[in-house]
Amino acid sequence: MEFADICPVSDKAAYHEEVLLESFAVSIQNYYDKKVVPVLKSSNGAIKHSQFIFLVIMPDHSNHQDFYSFIKNKINCDSPVISQFVANRTIAKDNDRIFLNIIRQMNAKFGGDLWRM
């Protein structure tokens with residue numbers, strides 16, 4: 001991976017589930033429109049959507065199934081890019097084995113072998 005960006009989500013989103021979901025969706029769509037689409041257009045099709053990935057860290061206070069379903073649908077329909085979802089509480093464990101498993105899952109989504117990296 002050449003680089004990674006952070007898509008900030010509005011601070012106001014922390015108070016209401018609906019606002020949180022919409023804030024995530026808007027952040028992802030804005031990033032896609034401003035960063036991914038220009039690269040795709042400038043490459044004349046040489047770069048594919050599959051060369052991008054959204055790593056979405058789900059907030060602890062969200063209903064994870066509803067959050068996942070809503071955001072995954074937005075990514076698949078509105079900004080077709082590979083995505084990997086991880087709960088914030090999982091990241092907070094700060095465990096190398098967990099991080100390796102996340103990387104393996106992302107690698108597999110790019111067509112790599114899940115267990116041989």
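Would a scan of segment 65-78 turn up a residue that is farther than 19 Å from Ala4 by Cα and among the small types (Gly, Ala, Ser)?
Within segment 65-78, one or more residues are farther than 19 Å from Ala4 by Cα and among the small types (Gly, Ala, Ser).
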For segment 49-117, list the helices (runs of 4 or more DSSP H) that sit wholly inside it and hold at least 3 residues that are among the aromatic types (Phe, Trp, Tyr) and on the phi < 0 side of the Ramachandran plot; which are they? 64-78
Residue ID - farthest from Glu18 (Cα to Cα), chosen from residues in segment 49-72 that are at pLDDT 85 or above and more than 11 Å from the chain's Cα centre (by Cα): Ser69
Leu20 fails exactly one of (1) in a helix (DSSP H, G or I); (2) at pLDDT 85 or above; (3) crowded, with 16+ Cβ neighbours inside 10 Å, namely (2)
Taking the condition of a type outside the set (D, E, K, R), within 12 Å of the chain's Cα centre (by Cα) and surrounded by 11 or more Cβ atoms within 10 Å (Cβ to Cβ), does Ile75 pass? yes
Unmet requirement for Ile28, which otherwise passes all of (1) at pLDDT below 80; (2) hydrophobic (A, V, I, L, M, F, W, C); (3) closer than 18 Å to Gln84 by Cβ: (1)
When residues of segment 67-91 are filtered for being touching a residue at least 24 places away in the same chain (Cβ under 8 Å) and closer than 27 Å to Lys35 by Cβ, how many remain? 17
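The values are calculated or read from the model by the stated rules, or taken from the named source; none is laboratory data. Not measured: the values here are computed from a predicted model. Cβ: placed from backbone, ideal geometry, glycine included. Neighbour counts: every protein chain shown.
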